[in-house]
Structures are given as C-alpha cells and as structure tokens.
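None of the figures in this text is laboratory data; all of them are computed from the coordinates on show. Not measured: the values here are computed from a predicted model. Here the Cβ positions follow ideal geometry from the backbone for every residue, glycine too, while neighbour counts run over all protein chains shown.
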Amino acid sequence: MLKEFIDCGRALVAVLEGEIDQRSASALRERIDIEYELSRKPHLVLDLTDVTFMDSAGIGLIIGRWKNVTSAGGKLALAVAGHKLIKILELGGVTRLVKLCPDYRRAVEECLR
Amino acid sequence: MNNYLKTQFPPLDINESLARGMAAFFILPLDPSVEDAEDVKTAVSEAVTNAIIHGYRDRSGAVELELNLEGRELTVTVRDSGAGIEDIERARTPMFTTRPEEERSGMGFTIMESFMDSLEVESAPGCGTAVTMKKRL
Ligand SMILES: Nc1ncnc2c1ncn2[C@@H]1O[C@H](COP(=O)(O)OP(=O)(O)OP(=O)(O)O)[C@@H](O)[C@H]1O
Ligand SMILES: [Mg+2]
C-alpha cells in the first residue's frame, strides 16, 4: 500500500507500507508512475522501511520503476531497514542496480550525488 | 509433531495473502526462526500467485494448498488444474517469464528454489501444475 508521497526537491519519495504482492503491486505501480510524471522530478526514492512482506511482484515493481527513472535520466534509490527484505532484493538482482540506504533522507542524498 | 492442513480456494488475488498467512500459522507451533517463517511465506506466495495468474488467468477453478508436517520437515504442495507448463526446465530458469509485459521478473521459481530446501514441479499443458516444496524447520 501507498502511505504518502514526500516532496524532496529534485526527488520524489514514495513511502510504501504493508505487503507488496501481485495484488497490491499493480495499484502501487499506477499511483507511483502518475505521481512521478506529474512531479516532473528526475529522481525517485522508494521508502520500504514500513514494508512487512515482499515477493517477486515487488522485484518486478522496483525493476520496472528503475527502468522508467533511468531512461528519463534520473536515479532510483531505496530506503530499507533491517534485514527482512535484503535476501529477496539480492536474489532478485535489485541490489546490483539500485543503492540501498537506511532511510529515505539518505536515499534522497544518494540520488543527488 | 505430525500435522496436515488441506485447503481449496478460488483463484482470486486476495487469497495470496490468505494462503501465506495459513502457512505461517501452520508452522508457528514449531517456533521457527523469523527467517525460516519469512522464507516459507514467500515461497507459498510465489506458488499460489503462479497458480492464480498463470494457471487460471481469468478462468475459474480451484487452487489447492496442502501443508504437511512430519517432525520438523515441512512439505508444501500447491496444485491447480489450469493451463499447465509446456517446458518446465525453461520456466524454472531465472528471469524467464511468459508475461514480460506485466513487469514480471520471472523470479518466482528461483525464489521458491532458494528459499526452500527442494522444489519439484509436475505439469502438463491443459492439465495443470503441481508444485511441491520441502523445508526443514
Ligand atoms: N501454475 C502455473 N501454471 C502455468 N504456468 C506457470 C505456472 N507457474 C509458472 N508458470 C510459468 O512459468 C513461468 C515462470 O514462473 P515464475 O514464477 O518463475 O515467473 P513469473 O511468474 O513469470 O514472474 P514473477 O514470479 O517474477 O512475477 C511463468 O511465466 C509461467 O509461464
Ligand atoms: Mg511467478
């Protein structure tokens, strides 16, 4: 589920919460893409610190956003707390493409580097 | 401890969280590690999601979830009577998906394989698919 969007200058932060599976991923994708386009910001941060569960639908969601944002010339970064999601993010190849940060502010800094 | 649970449900996406929740509750008496519980939930979610979206697509039918405990050995079977898989080897390849247009990562089988101790897939086109996974808790 989508908790909120935060305006961080040149980066848009999407704060997600709860479980990301096939059911929630399609609605998330649509809301994030619309907001990202409307915001006209180059960078996107997905804040996953309040995400309690994620399966391959989450991998698809993140890699899809990475493709969109990088092809528009921006950067994508993730905020991830604890170890819970690390295993699946690594297996899904996300950690090779996207920087993981402990909170969204540091993820925004990472985009602006 | 030996125990089992057999359930059937329609191929609706709300049942993905129901199925992984049942699996999590089923193993709870064993007091599994947080990581093991998370692995089981994720693997069940992958198998059930596949049965719903690839097996049945928008058709009706029943998804079967069977959980079996022998001591600390968990066996999960997810069965559908849907479309079936033509080439199982290829389907199990990391990043292979027949539906790339939906942003699928093609990582479902890879996740089941690495989060559980073993994965077996039986399938025939037109007859359906059965996925059996085992994990020692
Ligand atoms: N129950 C099933 N019935 C029919 N086809 C299936 C079934 N499960 C898997 N498949 C086929 O195997 C392929 C690979 O499955 P896998 O779960 O690895 O990836 P995916 O579902 O396509 O993507 P992801 O799981 O990352 O969202 C699928 O694209 C589909 O063609
Ligand atoms: Mg899948």
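Details
- In segment A:53-71, residue nearest to ligand 2 (Cβ to nearest atom) [restricted to those that are within 10 Å of chain B (Cβ to nearest Cβ) and in contact with a strand residue (DSSP E or B) (Cβ under 7 Å, 6 or more places away or on another chain)]: A:Ala57
- Every residue from segment B:74-110 that is touching a residue at least 24 places away in the same chain (Cβ under 8 Å), near ligand 1 (Cβ under 8 Å from one of its atoms) and basic (Lys, Arg): B:Arg92, B:Arg99
- Any chance B:Arg59 is away from every other protein chain (no Cβ under 14 Å), exposed (fewer than 15 other Cβ atoms within 10 Å of the Cβ) and more than 13 Å from ligand 2 (Cβ to nearest atom): yes
- Summed over segment B:1-24, the residues that are surrounded by fewer than 17 Cβ atoms within 10 Å (Cβ to Cβ) and among the hydroxyl-bearing types (Ser, Thr, Tyr) give a count of 2.
- Filter pass, B:Ser118 being under 30 Å from B:Met1 (Cα atoms), more than 11 Å from the chain's Cα centre (by Cα), more than 11 Å from chain A (Cβ to nearest Cβ) and among the small types (Gly, Ala, Ser): yes
- Filtering segment A:72-85 to residues that are surrounded by fewer than 21 Cβ atoms within 10 Å (Cβ to Cβ) and within 14 Å of chain B (Cβ to nearest Cβ) leaves A:Gly82, A:His83, A:Lys84.
- Count of segment A:86-97 residues, restricted to those that are surrounded by 14 or more Cβ atoms within 10 Å (Cβ to Cβ) and more than 18 Å from B:Arg104 (Cα to Cα), is 1.
- Conditions (1) farther than 29 Å from B:Asp36 by Cβ; (2) free of Cβ contacts under 8 Å to residues at least 12 places away in the same chain; (3) not in a strand (DSSP E or B): number failed by A:Glu4: (3)
- The set of residues in segment A:23-44 that are touching a Lys or Arg at 6+ places or on another chain (Cβ under 9 Å) and either surrounded by 19 or more Cβ atoms within 10 Å (Cβ to Cβ) or part of a strand (DSSP E or B) (or both) comprises A:Ile32, A:Tyr36, A:Lys41, A:His43, A:Leu44.
- Residue satisfying all of: in segment A:55-71; under 22 Å from A:Arg10 (Cβ atoms) and polar (S, T, N, Q); surrounded by the most Cβ atoms within 10 Å (Cβ to Cβ) among these: A:Asn68
- Qualifying positions in segment B:99-114 - within 13 Å of ligand 2 (Cβ to nearest atom) and either surrounded by 14 or more Cβ atoms within 10 Å (Cβ to Cβ) or within 19 Å of B:Glu73 (Cα to Cα) (or both): B:Glu102, B:Glu103, B:Arg104, B:Ser105, B:Gly106, B:Met107, B:Gly108, B:Phe109, B:Thr110, B:Ile111, B:Met112, B:Glu113
- Condition check for A:Arg106 on (1) within 30 Å of B:Arg57 (Cβ to Cβ); (2) among the charged types (D, E, K, R); (3) more than 13 Å from every other protein chain (Cβ to nearest Cβ): one failure, at (1).
- Condition broken by A:Arg96, with the remaining ones in (1) within 23 Å of A:Arg40 (Cβ to Cβ); (2) more than 8 Å from chain B (Cβ to nearest Cβ); (3) part of a helix (DSSP H, G or I) satisfied: (1)
- Pair list, Cβ < 7 Å and 6+ apart or interchain, from segment B:122-133 residues that are at positive phi to residues that are within 16 Å of ligand 2 (Cβ to nearest atom): B:Gly126/B:Gly84; B:Gly128/B:Gly55; B:Gly128/B:Arg79; B:Gly128/B:Asp80; B:Gly128/B:Gly82; B:Gly128/B:Gly84
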